[in-house]
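In what follows, a structure is listed as structure tokens, so that the remarks can point back to it.
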Amino acid sequence: MASHLEHHLALLNHLRGILVALGEAEQVLDDSHALFLERYDELLAELPSDPVSSQYLGQDLISQVFHRYPQIAHLVPRDLLWFFGGDCLHFMPDEEIALYQALDERRFEAEENDEPFDWNQEKQLLALPTDGSKH
């Protein structure tokens, strides 16, 4: 379970680096960028100790990235959209949501059976075409 959270914290840190770089490249026109990063850091601090109540802040911040920084929208890790859910799901097509639902079901199943679960590996397996064609 902890590793699932750690995976998403690593992605949040990765995205934070992109946001900081945006500010340094002066691609941000207003002072609110610093305030946005402060709230982002609050999320990073709160998430490990209180993942449930951090959900809404995460949804809000990830959604704001899309609205405030459309130039990096394609760099936002898709896992974060699914992890926070809510409004973030508006940025995901139905097929992608279906893939993540299947992934979560496999994760819960593995946890119930005390089996190891590698999120990234499973994600790659699920994203493979199921028509049996090999390249």
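The values are calculated or read from the model by the stated rules, or taken from the named source; none is laboratory data. What you are looking at is a predicted structure, and each value in this text was computed from that prediction instead of being measured. Every residue, glycine among them, receives a Cβ derived from its backbone with ideal geometry; neighbour counts consider all protein chains shown.
One residue alone among TYR69, TYR56, TYR40 is hydroxyl-bearing (Ser, Thr, Tyr) and touching a Gly at 6+ places or on another chain (Cβ under 9 Å), and that residue is TYR56. Applying the criterion of being over 11 Å from the mean Cα position of the chain (by Cα) and either surrounded by 14 or more Cβ atoms within 10 Å (Cβ to Cβ) or aromatic (Phe, Trp, Tyr) (or both) to the residues of segment 67-96, the residue that is nearest to GLY17 (Cα to Cα) is ILE72.
Within segment 17-39, is even one residue within 18 Å of the chain's Cα centre (by Cα), under 20 Å from ASP79 (Cα atoms), modelled with pLDDT of 95 or more and surrounded by fewer than 12 Cβ atoms within 10 Å (Cβ to Cβ)? Yes, segment 17-39 contains a residue that is within 18 Å of the chain's Cα centre (by Cα), under 20 Å from ASP79 (Cα atoms), modelled with pLDDT of 95 or more and surrounded by fewer than 12 Cβ atoms within 10 Å (Cβ to Cβ).
Any residue at all in segment 25-39 that is more than 21 Å from TRP119 (Cα to Cα) and among the polar types (S, T, N, Q)? Checked against the condition, which is being more than 21 Å from TRP119 (Cα to Cα) and among the polar types (S, T, N, Q), segment 25-39 yields at least one hit. Inspect segment 83-91 for any residue being part of a loop (DSSP other than H, G, I, E, B), closer than 18 Å to LEU11 by Cα, at pLDDT 95 or above and touching a Phe, Trp or Tyr at 6+ places or on another chain (Cβ under 8 Å) and give the result as yes or no. So far as segment 83-91 goes, no, none of its residues is part of a loop (DSSP other than H, G, I, E, B), closer than 18 Å to LEU11 by Cα, at pLDDT 95 or above and touching a Phe, Trp or Tyr at 6+ places or on another chain (Cβ under 8 Å). For segment 21-44, indicate whether the set of residues that are farther than 21 Å from PHE91 by Cβ, of a type outside the set (Asp, Glu) and in contact with a helix residue (DSSP H, G or I) (Cβ under 7 Å, 6 or more places away or on another chain) is non-empty. There is at least one residue in segment 21-44 that is farther than 21 Å from PHE91 by Cβ, of a type outside the set (Asp, Glu) and in contact with a helix residue (DSSP H, G or I) (Cβ under 7 Å, 6 or more places away or on another chain). Residues of segment 1-60 that are without any contact (Cβ under 8 Å) to a residue 40 or more places away in the chain, within 27 Å of LYS123 (Cα to Cα) and either among the acidic types (Asp, Glu) or part of a loop (DSSP other than H, G, I, E, B) (or both): GLU6, GLU46, SER49, ASP50, ASP60.
If a residue has to be closer than 18 Å to LEU47 by Cα and in a helix (DSSP H, G or I) to count, how many in segment 66-77 make the cut? Of the residues in segment 66-77, 0 are closer than 18 Å to LEU47 by Cα and in a helix (DSSP H, G or I).
Among the numbered conditions (1) surrounded by 13 or more Cβ atoms within 10 Å (Cβ to Cβ); (2) modelled with pLDDT of 95 or more, the only one that GLU122 does not meet is (2).
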